[in-house]
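Let me begin by presenting the structure, written as structure tokens, before commenting on it.
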Amino acid sequence: MEKLKVENLSYIYSKGTPFEYLALDKINLTIFQGETLAVIGHTGSGKSTLIGHLNGLFKAQEGTVIFEGKDIWADKNDLKNIRFKIGLCFQYPEYQLFEETVYKDIAFGPKNMGLDEKEIDRRVRQSLEYMGLEERYLTRSPFEMSGGQKRKVALAGILAMEPDILVLDEPTAGLDPAARRNLFELIQNYKEKSGTTIVFVSHSMEDVAKLADRIVVMNHGKIEMQGTPEKIFEHAEHLMEIGLSVPSVTKIFLKLNQSGYHLKPVYRVDDAVRVIQNALGGAASHE
């Protein structure tokens, strides 16, 4: 089911000045209920500008953003509620922590929604659990926590608003590999339990390959291509030509094929294992 739609969206930075820059050029995109959509692109491709439009952080200069059949800017008084329903998490969200306790920080959004204390308490504790933190952290200052724990508290504050769509801009930026895997596992678990639609930007093609149901590739303000991970990573050489990476296992298979093998392109390690096993089995039977 269609959840959010972008129609003919264009945006120019520093419009009318010598520094004018076209960041988005007639973007058309549909986001569906319950999917996990990855947005990838080289630096300056327009991906962060695009996701900034999804909850009204940016106002479209041309085109519209439609949430559940309604232009999000049709009623400015309703925009606050739209932002509760489409939760946007910036890079390094821990820099926005400001309350004296973890509980108060997570509760900030639900309080602004006008919820009663009982409902606020339920949401605070549930969102903390989604992020894999124990309740004993609720009375602690967020500034006494590790970087990874701060990131989880900041995300819990967005989850506590129970958004219909969760938009994440490089959610694992700056984290070590173990912390990155853990955070994505928690986000995936949250999605499975809540059914929330997730849109995320990432430079990690391994994370994209593992988590995304669909990928949108941005290039110079336009959507270069979109489709399932399998379809997108079939075009590995083109992705690298436009300044993007591909999963490491895909690079290995490209090298193997350039060396004379004829193996099906893959983007996940478990698929690579099966393809190699089948190839070895076929070679053995041929002999």
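Since every read-out is calculated from the coordinates, none of them should be taken as a lab result. Quantities reported herein were computed from a predicted structural model and do not represent experimental measurements. Ideal geometry is used to build each Cβ from the backbone, glycine not excepted, and the neighbour counts take in all protein chains shown.
Give, in whole angstrom and from largest to smallest, the semi-axes √(5λ) of the equivalent ellipsoid of the range 139-181, with λ running over the eigenvalues of the Cα gyration tensor. Walk me through the numbers on the way to the answer.
On the way: eigenvalues 70, 54, 9 Å².
Ellipsoid half-lengths, sorted descending, are 19, 16, 7 Å.
Take every Cα pair under 8 Å in the range 247-287 that's 6+ residues apart, average their separations, divide by the length, and report that relative contact order as a whole percent.
On the way: 23 pairs, mean separation 14.5, N = 41.
Across the range 247-287, relative contact order equals 35 percent.
Gaussian network model of the chain, Cα springs within a sub-10 Å range: biggest mean-square fluctuation belongs to which of Leu166, Leu133, Leu54?
Largest GNM mean-square fluctuation: Leu133.
If amide hydrogens are placed 1.01 Å from N in the peptide plane, which non-local residues have theirs closer than 5 Å to the one on Glu62?
Residues meeting the criterion, in which the H sits 1.01 Å from N, are Ser10.
Using Cα positions and a limit of under 19 Å, work out the lysines in reach of Lys222, with same-chain residues fewer than 8 apart set aside.
Within the straight-line cut-off, Lys222 pairs with Lys5, Lys15, Lys26, Lys47, Lys59, Lys231.
Which FRET efficiency value, to the nearest 0.05, do you get for Glu119 and Asn189 by plugging their Cβ-Cβ distance into 1/(1 + (r/R0)^6) with R0 = 22 Å?
Numbers: r = 22 Å, r/R0 = 1.02.
Rounded to the nearest 0.05, the efficiency is 0.45.
If I model the chain as equal point scatterers sitting on the Cα atoms and use the Debye formula, what is log10 I(q)/I(0) at q = 0.07, 0.11, 0.17 Å⁻¹?
So the normalised log intensities work out to -0.31, -0.71, -1.37.
Straight distance only, please: which aspartates and glutamates reach the Cα of Lys85 with their own Cα at less than 12 Å, same-chain residues fewer than 8 apart left out?
Reachable aspartates and glutamates: Glu68, Glu162, Asp164.
Which one, Glu94, Glu119, Glu35, has the greatest fluctuation when you compute a Gaussian network model over the chain with C-alpha springs under 10 angstrom?
Looking only at Glu94, Glu119, Glu35, the biggest GNM fluctuation is shown by Glu119.
Check Ala173: other-chain or 5+ apart residues with amide H under 5 Å from its amide H, H built from backbone geometry?
Tyr92
What's the magnitude of the charge dipole for the range 247-287 around its Cα centre, counting Lys and Arg as +1 and Asp and Glu as -1 at the beta-carbon? Answer in Debye, nearest 20.
Details: 5 positive and 3 negative charges, 36 e Å.
The dipole of the range 247-287 has a size of about 180 debye.
Would you mind working out the magnitude of the charge dipole of the chain relative to its Cα centre, with +1 at each Lys and Arg C-beta and -1 at each Asp and Glu C-beta, to the nearest 20 Debye?
Working: 35 positive and 40 negative charges, 18 e Å.
Dipole of the chain, to the nearest 20 debye: 80 debye.
With θ taken as phi - 60° and the coefficients 6.51, -1.76 and 1.60, list the Karplus ³J(HN,Hα) couplings across the range 84-89 in order, rounded to whole Hz; mark glycine and proline as x.
Per residue, the Karplus-derived 3J(HN,Hα) values read 6, 7, 10, x, 10, 10 Hz.
Taking a quarter of the surface of the Cα convex hull of the range 247-287, what do you get in nm²? Walk me through the intermediate numbers first.
Working: hull surface 10.8 nm².
Answer in nm², one decimal: 2.7.
Take Leu57 and Asn28, extend 7 Å from each Cα along the Cα→Cβ direction, and tell me the distance between the two endpoints in nm.
Modelled inter-label distance: 2.6 nm.
Could you point to the residue in His262, Ile276, Thr250 farthest towards the positive end of the range 247-287's charge dipole, with +1 and -1 charges on the Cβ of Lys/Arg and Asp/Glu respectively?
Thr250
Using Cα springs under 10 Å in a Gaussian network model of the chain, which residue among Glu162, Glu134, Glu224 shows the largest mean-square fluctuation?
Glu134
Can you tell me the orientation of helix 177-194 relative to the chain, as the angle in degrees between its alpha-carbon axis and the longest Cα principal axis, to the nearest 10?
Its long axis makes an angle of about 70 degrees.
Under the rule a/c < 1.5 gives rounded, and otherwise a/b versus b/c splits prolate from oblate, where does the range 157-287 land using the Cα gyration tensor?
It comes out prolate by the Cα gyration axes.
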